[in-house]
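A short reminder: the numbers here are calculations on the coordinates, not readings from a lab. Small disclaimer: the values here were computed from a predicted structure and weren't measured. A quick note on method: Cβ atoms are made from the backbone with ideal geometry, for glycine too, and the neighbour counts reach across all protein chains shown.
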Amino acid sequence: MANSKIVQGHQARKRFGQNFLSDNHYISRIVDAIAPQEQHHIVEIGPGLGAITEHLLDKAGKLEVVELDRDLIPRLEDRFGNNDHFTIHQSDALKFDFTQLKNSEQKLRIVGNLPYNISTPLIFHLLEQRHVIHDMYFMLQKEVVERLCASANTKQYGRLSVMAQYFCQADMLFVVPPGAFSPAPKVESAIVRLMPHTKIQNPVNDADLLAKVVTAAFNQRRKTIRNSLKDWVAQEQFEQIGISSTERAERLTLNDFINICHFIENQHD
Ligand code: SAH
């Protein structure tokens with residue numbers, strides 16, 4: 001195979017998105033950003049060969065890892081298994097029930113250098129379980145981090161921005177270059193922090209409706225909302241919501257989308 005690579009005796013698997021962190025400078029910066037402490041209950045998704053795991057385990061009172069690749073499990077056991085505050089779950093994080101891990105007052109802190117191909121569905125899977133989550137730190141493709149954190153009127157702003165920011169405070173912490181990994185990915189990466197809101201400021205009744213409206217608006221990004229949202233809101237009704245029907249999706253703030261949802265919800269009461 002042209003692009004196969006052995007890292008610390010392990011054949012890196014492309015289909016599992018295996019790009020292992022190898023640069024100590026970035027490993028330290030990530031661990032410093034997470035700032036693990038004795039009282040924290042941390043869950044690491046995709047520990048791989050343990051580049052971050054080692055440092056988290058030094059400081060956190062409880063660390064659980066969720067790893068899909070069976071070949072990596074014995075290595076993680078050998079290296080960390082004798083720590084009584086360490087637990088391995090061999091599982092697909094996309095199907096994993098994180099709520100079952102919470103066994104005290106402490107909410108979970110989730111971290112991971114994620115396979116880029118599963119990052120968006122995984123974030124939505126975790127957002128469904130946000131009531132047990134204190135915060136999340138992910139290494140993602142930089143472009144995805146920019147989309148998560150984008151404000152209205154930028155080209156990165158879209159469905160991912162609106163939905164992530166409805167549920168969370170989203171901040172880009174820093175960029176990580178391809179050379180920090182082995183094998184090196186083709187794109188730049190960045191660390192994002194997602195902090196679920198303890199209370200959503202202006203909640204809708206049905207977040208699925210919000211998701212549908214936002215998806216429809218951005219699927220036809222270049223069209224006016226009068227067109228893209230015509231299944232829900234008639235042209236003259238936009239005035240009642242306080243939004244011009246000739247706007248395009250990328251000019252609407254999260255609050256505008258929430259107000260559109262409130263309007264639709266009230267109509268069906
Ligand atoms: N955290 C390590 C490894 C990053 S590579 C480091 O920074 O060096 C991504 C890791 O996620 C790999 O260990 C891969 O096997 C694992 N992985 C891939 N898909 C997964 C899934 N669906 N659920 C859990 N882990 C997964």
Quiz item: When DSSP assigns beta bridges and you keep just the ones with both residues in the chain, what percent turn out antiparallel, to the nearest 5?
Solution: 50
Quiz prompt | With Cα atoms, 0 to 90° folded angle of helix 24-34 axis to the chain main axis | solution = 50
Practice problem: Quick one: dipole size for the range 1-108, taken about the Cα centre, charges +1 on Lys/Arg Cβ and -1 on Asp/Glu Cβ, in debye to the nearest 20. | Solution: 420
Quiz item: Highest GNM mean-square fluctuation, the chain, Cα pairs closer than 10 Å: which of Ala150, Ala211, Ala170?
Solution: Ala211
Exercise. Please identify, among Arg221, Arg13, Arg70, the residue showing maximal mean-square fluctuation in a Gaussian network model of the chain using a 10 angstrom Cα cutoff.
Key: Arg70
Quiz item: When Ser161, Ser189, Ser244, Ser119 are ordered from fewest to most other Cβ atoms inside 10 Å of their Cβ, what list results?
Solution: Ser244, Ser119, Ser161, Ser189
Exercise. Report, in degrees rounded to the nearest 10, the 0 to 90 angle that the Cα long axis of helix 207-219 makes with the longest principal axis of the chain.
Key: 80
Quiz item: What is the antiparallel percent of DSSP beta bridges lying wholly in the range 1-118, to the nearest 5?
Solution: 10
Quiz prompt | Cα-Cα over 31 Å, subset of Lys102/Lys155; Lys62/Lys212; Lys95/Lys212; Lys14/Lys223 | solution = Lys102/Lys155; Lys62/Lys212; Lys14/Lys223
Exercise. For the range 129-190, run through the trypsin sites (Lys or Arg not before Pro) and keep only the ones in DSSP coil with at most 14 other Cβ atoms within 10 Å of their Cβ.
Key: Lys155, Lys186
Quiz item: Considering amide H positions built from the backbone, and no H for Pro or chain starts, which residues 5 or more places from Phe174, or on another chain, come under 5 Å of its amide H?
Solution: Ile191
Quiz prompt | Helical mean residue ellipticity (222 nm; -39500 (n - 2.57) per DSSP H run of 4+; nearest 500) of the chain | solution = -9000 deg cm²/dmol
Quiz item: Ordered by residue, what ³J(HN,Hα) values in Hz, to whole numbers, does the range 82-96 give under the Karplus form 6.51 cos²θ - 1.76 cosθ + 1.60, where θ = phi - 60° and Gly and Pro are x?
Solution: 7, 7, 7, 9, 10, 9, 10, 10, 8, 6, 7, 4, 5, 10, 6
Self-check item: Low-density loop positions, GluC sites (Glu not before Pro), the range 93-152 - DSSP coil, at most 15 other Cβ in 10 Å
Solution: Glu105, Glu128
